[in-house]
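The values are calculated or read from the model by the stated rules, or taken from the named source; none is laboratory data. The structure presented is a predicted model; accordingly, all values stated were derived computationally and were not measured. Every residue, glycine among them, receives a Cβ derived from its backbone with ideal geometry; neighbour counts consider all protein chains shown. When the accessible area is computed, the model is the full protein with side chains, heavy atoms only, and any ligands, DNA or RNA have been set aside. Shrake-Rupley method; radii C 1.70, N 1.55, O 1.52, S 1.80 Å.
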Amino acid sequence: MRTNESISVCFPVYNEEGNIERAVTEAAEVLLDLCDEPEIVAVNDASTDRTAELLDEMTRTVPFLRPVHLPHNTRFAGALSRALAEARSDLVFYTDADCPIDMNDLRAALPAIADADVVAGYRVQRDEGLRRKVYSDGYNLLIRALFGLRVTDVNFAFKLFRREVLEGLEIRARGSFIDAELLLEAQRRGYRIAELGVTYYPRTAGESTLADAGIAARCAHEALRYRLGLSPWNHRNGHRR
C-alpha cells in the first residue's frame with residue numbers, strides 16, 4: 001500500500017554498530033516503496049562504538065537519513081524523545097535499531113492508521129527467555145491495572161503515530177516507561193489506538209538490558225509516579241532503558 005502522506009522512521013540508537021546498517025538499509029527500502037517523502041531519523045545516544053561513524057557514512061547512500069549525535073548519554077527515553085521531536089513527516093514510526101521486526105510490516109500498519117491515530121504493534125509469538133517474559137507480562141498487567149490501557153504489548157518497539165498525536169507532547173519518562181507514556185497520553189487526549197500483530201525477531205548482535213531486574217523495577221517505579229502525578233527521578237547511569 002502506497003500513501004500520499006510522508007513517513008518518518010525513528011531509531012533511538014546506542015552502541016548498535018552490529019545492527020545499524022541493516023536497520024537503516026531495510027527501512028530505506030521499505031520507505032521508498034511506500035511514500036514520496038521518506039525520512040529516517042537516527043538519534044545516536046553518545047554511543048561508544050562505531051555507530052556514529054557508520055551513520056555518517058550511510059548518508060552518502062541514503063540521502064534522507066538524518067543522524068543526530070548527542071554529546072551525552074540521555075538514556076532510552078531521551079534518545080527516543082529527541083527522535084520523535086526531530087521527525088518532520090505526517091506519519092511517524094518508531095522501532096529499535098536492533099532489528100526486532102521485519103520493516104515490511106510497516107506496510108500493514110498503513111491501512112490500520114487510516115482509521116486510527118496510533119498503531120501499536122504486539123508480538124504474535126514470544127521467542128524470549130523466561131525471565132524477560134515474566135517481567136514483560138507483569139509490566140503489561142501493571143499498566144492495565146493502573147491506567148486501564150487495553151494494549152497487548154505496551155513496550156514493544158512498533159508504534160506508528162499521526163503527527164498531531166506527538167505535537168505539544170511533553171515526555172516525562174526517563175526509561176522504558178516512555179512507551180506506556182506515549183500511549184497513555186494519546187488515550188488521555190482522546191486519540192484512537194489500534195493494534196497490529198507482528199512477528200518479533202530477537203537481536204542477533206549487541207546486548208540488551210531489558211531483562212535486567214533493575215531496569216524492570218525502575219520502569220514500574222516510573223509507572224507508579226506517573227499514576228500519582230509525580231515528576232520522574234533523575235538517572236545518572238548510562239543504561240539505555
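How do the pairs read when you match residues in the stretch 93-105 that are under 14 Å from ILE40 (Cα atoms) with residues anywhere that are among the acidic types (Asp, Glu), using Cβ under 7 Å and keeping only pairs 6 or more apart or on different chains?
Every condition considered, the pairs that remain are ALA97/GLU16; MET103/GLU26.
Quick test of your reading of the structure: ARG2 fulfils all but one of (1) assigned to a loop (DSSP other than H, G, I, E, B); (2) modelled with pLDDT of 95 or more. Name the failing condition by number.
(2)
Could you list all residues from the stretch 62-82 that are under 18 Å from ILE7 (Cβ atoms) and out of contact with any strand residue (DSSP E or B) (no Cβ under 7 Å at 6 or more places or on another chain)?
Of everything in the stretch 62-82, just one residue is under 18 Å from ILE7 (Cβ atoms) and out of contact with any strand residue (DSSP E or B) (no Cβ under 7 Å at 6 or more places or on another chain), namely PRO63.
From the residues in the stretch 153-171 that are open to solvent by less than 10 Å² (accessible area, probe 1.4 Å), of a type in the set (A, V, I, L, M) and in contact (Cβ under 8 Å) with a residue 40 or more places away in the chain, which one is nearest to ALA186 (Cα to Cα)?
My answer is VAL165.
What residue, of THR199, THR209, THR204, is open to solvent by 30 Å² or more (accessible area, probe 1.4 Å) and at pLDDT 85 or above? Break it down into steps so the answer makes sense when it comes.
On the way: THR209 fails: at pLDDT 85 or above; THR204 fails: at pLDDT 85 or above.
Answer to the check: THR199.
This table checks each residue for (1) among the small types (Gly, Ala, Ser); (2) closer than 18 Å to LEU106 by Cα; (3) surrounded by fewer than 21 Cβ atoms within 10 Å (Cβ to Cβ).
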residue: SER8; (1), (2), (3): yes, yes, no
residue: THR25; (1), (2), (3): no, yes, yes
residue: THR48; (1), (2), (3): no, no, yes
residue: GLU53; (1), (2), (3): no, no, yes
residue: MET58; (1), (2), (3): no, no, yes
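Would you call ARG107 of a type in the set (Lys, Arg) and modelled with pLDDT of 95 or more?
yes
Could you go through the stretch 128-139 and let me know if any residue there is under 16 Å from the mean Cα position of the chain (by Cα) and among the basic types (Lys, Arg).
no
Would you mind stating whether ARG174 is under 24 Å from ALA83 (Cβ atoms), at pLDDT below 90 and not in a strand (DSSP E or B)? So that I can check it myself, show each step before the final result.
On the way: under 24 Å from ALA83 (Cβ atoms): yes; at pLDDT below 90: yes; not in a strand (DSSP E or B): yes.
Yes: the conditions hold for ARG174.
Name the residue, out of ALA186, ALA223, ALA180, ALA216, that is under 30 Å from ARG50 (Cα atoms) and either at pLDDT below 85 or open to solvent by less than 30 Å² (accessible area, probe 1.4 Å) (or both).
Numbers: ALA186 fails: under 30 Å from ARG50 (Cα atoms); ALA223 fails: under 30 Å from ARG50 (Cα atoms); ALA180 fails: under 30 Å from ARG50 (Cα atoms).
Checking each option against the conditions leaves just ALA216.
Looking only at the stretch 93-152, which residues are open to solvent by less than 50 Å² (accessible area, probe 1.4 Å), assigned to a loop (DSSP other than H, G, I, E, B) and either β-branched (Val, Ile, Thr) or farther than 18 Å from VAL165 by Cβ (or both)?
Listed by number, the residues that qualify are THR95, ASP96, ALA97, ASP98, CYS99, PRO100, ILE101, MET103, GLU128, GLY129, GLY148, VAL151.
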